[in-house]
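In what follows, a single structure is set out as structure tokens and then discussed.
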Ligand code: NAD
């Protein structure tokens with residue numbers, strides 16, 4: 001079911017340009033404070049002369065309750081696939097099992113691989129946040145631990161797979177460099193934990209260096225995520241563009257937004273090859289819903305990013321500057337209002353009216369925003385396949401459930417080993433416990449038993465080994481093949497191996 005803009009109050013249209021054909025977008029008013037901030041946002045965008053033809057869809061709580069486990073209906077997908085641009089208010093995710101995250105579903109279904117989150121402070125216009133912070137976090141949006149592949153493997157142990165792909169990493173890293181280039185940014189920083197995760201995070205880091213070499217005019221560096229994130233918190237003004245795998249990006253973008261000031265101030269874009277979604281970073285704030293006090297700025301700035309994306313940069317610029325002027329004039333919603341600093345405390349609607357009144361004005365204390373008239377869309381082409389590496393299987397890690405000592409397990413497994421696949425090592429939670437483990441090592445009921453050859457083996461060799469393990473009554477719960485690619489190990493060594 002689609003509605004037109006008739007639900008949105010009529011506003012000044014002095015800036016409307018009749019020569020621009022309205023661009024179809026899909027709009028969802030969401031839950032909690034969503035409808036209030038969406039109405040304010042659409043009124044401001046319209047007043048700035050944005051030429052939009054919104055189709056409204058319903059998502060969120062009511063849709064979940066009607067039995068759609070991802071909070072979205074088929075007709076909504078049709079709209080999204082038609083307009084390819086989604087302006088989304090926050091939704092309430094119902095508590096309890098069985099409900100899937102709408103955000104993750106939309107991001108993955110529409111291939112929105114890049115999450116772009118500017119975290120900016122507006123000090124001294126508002127009395128929160130440090131001075132000079134202007135960071136853009138570019139988070140990979142589809143892979144990593146968010147692949148959502150989890151298994152309980154034994155009584156004691158649960159597993160979540162961290163998947164980092166070469167094509168997925170290439171396109172987010174290239175996107176970060178292209179974003180920096182398109183937006184006049186000077187530096188791109190990559191953060192990973194590749195001192196520990198040498199294959200997965202190591203790949204991300206390696207590709208950052210490889211792709212970065214194509215952008216010699218942009219400064220680039222790599223930080224280990226723990227100290228890197230701590231430095232973002234301690235010296236927020238000293239970063240520019242940061243590109244990170246999914247989980248680190250999720251955490252860092254919330255940390256950075258929190259440091260920047262109110263969660264009510266930040267917008268974000270989720271960009272894919274064909275579609276894009278724009279939203280505030282905050283949730284539906286159910287405690288303040290219906291009170292008319294919410295700050296619409298996060299969704300409004302997401303709307304500005306959307307206008308730039310669809311090529312309406314003049315309207316985007318008007319909104320951004322009128323909004324900055326409103327902040328400078330001390331007209332603040334409750335979350336950013338500070339006694340002695342702010343001038344007028346306003347609700348959502350009056351804040352929107354104040355921005356609309358200032359349409360066409362520039363800020364004087366903060367730097368005015370300028371978007372080029374023609375903004376080139378960042379298009380990341382799929383990279384041509386490389387020559388495939390020569391791949392050989394040289395062993396197998398057999399994960400087994402066992403209650404007992406490592407030596408007891410090793411004694412049984414030595415009876416199962418074959419000429420092709422001798423037992424090399426047993427680890428528990430990654431630490432070597434056989435041969436010659438330490439009695440201090442804490443062991444669970446989940447053991448990784450590595451059978452490894454020094455030459456290529458076949459699947460039949462693995463099946464023969466597993467047959468022996470099964471006949472011995474050992475409960476194997478999963479296997480991972482040990483492979484080499486062009487002679488390079490495609491697996492990590494055990495701690496202590
Ligand atoms: P929240 O972001 O809704 O609220 C956190 C705090 O910030 C609250 O104190 C809230 O009052 C305040 N706040 C948030 N937005 C504000 C605004 N615009 N103006 C003024 N104050 C604002 O986070 P939460 O309470 O953890 O989550 C509430 C619901 O939102 C949950 O159901 C959660 O699943 C959902 N959520 C949705 C999204 C999304 O749709 N993108 C994102 C995060 C959380």
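The values are calculated or read from the model by the stated rules, or taken from the named source; none is laboratory data. The structure presented is a predicted model; accordingly, all values stated were derived computationally and were not measured. No Cβ is skipped: glycine too gets one built from the backbone with ideal geometry, and neighbour counts run over all protein chains shown.
Scanning region 331-378 for residues that are assigned to a loop (DSSP other than H, G, I, E, B) and within 16 Å of the ligand (Cβ to nearest atom) returns 334, 335, 336, 337, 338, 342, 347.
Taken over region 339-360, the residue count meeting the criterion of being in contact (Cβ under 8 Å) with a residue 60 or more places away in the chain and within 20 Å of residue 292 (Cβ to Cβ) is 7. Residues that are more than 10 Å from the ligand (Cβ to nearest atom) and farther than 19 Å from residue 120 by Cβ are absent from region 280-288. The test for being within 14 Å of residue 118 (Cβ to Cβ), without any contact (Cβ under 8 Å) to a residue 40 or more places away in the chain, more than 11 Å from the ligand (Cβ to nearest atom) and assigned by TED's automatic domain parsing to the domain that holds residue 197 does not hold for residue 241. Filter region 379-402 for residues that are touching a helix residue (DSSP H, G or I) at 6+ places or on another chain (Cβ under 6 Å) and either assigned to a loop (DSSP other than H, G, I, E, B) or more than 30 Å from residue 477 (Cβ to Cβ) (or both) and give the result. Within region 379-402, 380, 383, 402 qualify. Against the list (1) in contact (Cβ under 8 Å) with a residue 40 or more places away in the chain; (2) within 16 Å of the ligand (Cβ to nearest atom); (3) touching a helix residue (DSSP H, G or I) at 6+ places or on another chain (Cβ under 7 Å), the condition residue 236 fails is (2).
Yes or no, residue by residue, for (1) at negative phi; (2) within 34 Å of the chain's Cα centre (by Cα); (3) in a loop (DSSP other than H, G, I, E, B):
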{"position": "404", "(1), (2), (3)": "no, no, yes"}
{"position": "410", "(1), (2), (3)": "yes, no, no"}
{"position": "417", "(1), (2), (3)": "yes, no, yes"}
{"position": "426", "(1), (2), (3)": "yes, no, no"}
{"position": "437", "(1), (2), (3)": "yes, no, yes"}
{"position": "463", "(1), (2), (3)": "yes, no, no"}
{"position": "473", "(1), (2), (3)": "no, no, yes"}
{"position": "481", "(1), (2), (3)": "yes, yes, no"}
{"position": "492", "(1), (2), (3)": "yes, yes, yes"}
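Look at (1) within 30 Å of residue 37 (Cβ to Cβ); (2) away from the ligand (no atom under 16 Å from the Cβ) and you find that residue 96 fails only one, number (2). State whether the residues of region 73-82 include one that is more than 16 Å from the ligand (Cβ to nearest atom), part of a loop (DSSP other than H, G, I, E, B) and closer than 23 Å to residue 18 by Cα. No: zero hits.
Taking residue 207, is it at pLDDT 95 or above, over 16 Å from the mean Cα position of the chain (by Cα) and within 30 Å of residue 308 (Cα to Cα)? So residue 207 fits the description; yes.
The set of residues in region 20-44 that are in a helix (DSSP H, G or I) and within 15 Å of the ligand (Cβ to nearest atom) comprises 34, 35, 36, 37, 38, 39, 40, 41, 44. Residues that are in a helix (DSSP H, G or I) and within 20 Å of residue 285 (Cβ to Cβ) within region 93-105 comprise 102, 103, listed in sequence order. Put simply, of 325, 314 the only residue that is assigned by TED's automatic domain parsing to the domain that holds residue 47, assigned to a helix (DSSP H, G or I) and surrounded by fewer than 20 Cβ atoms within 10 Å (Cβ to Cβ) is 314.
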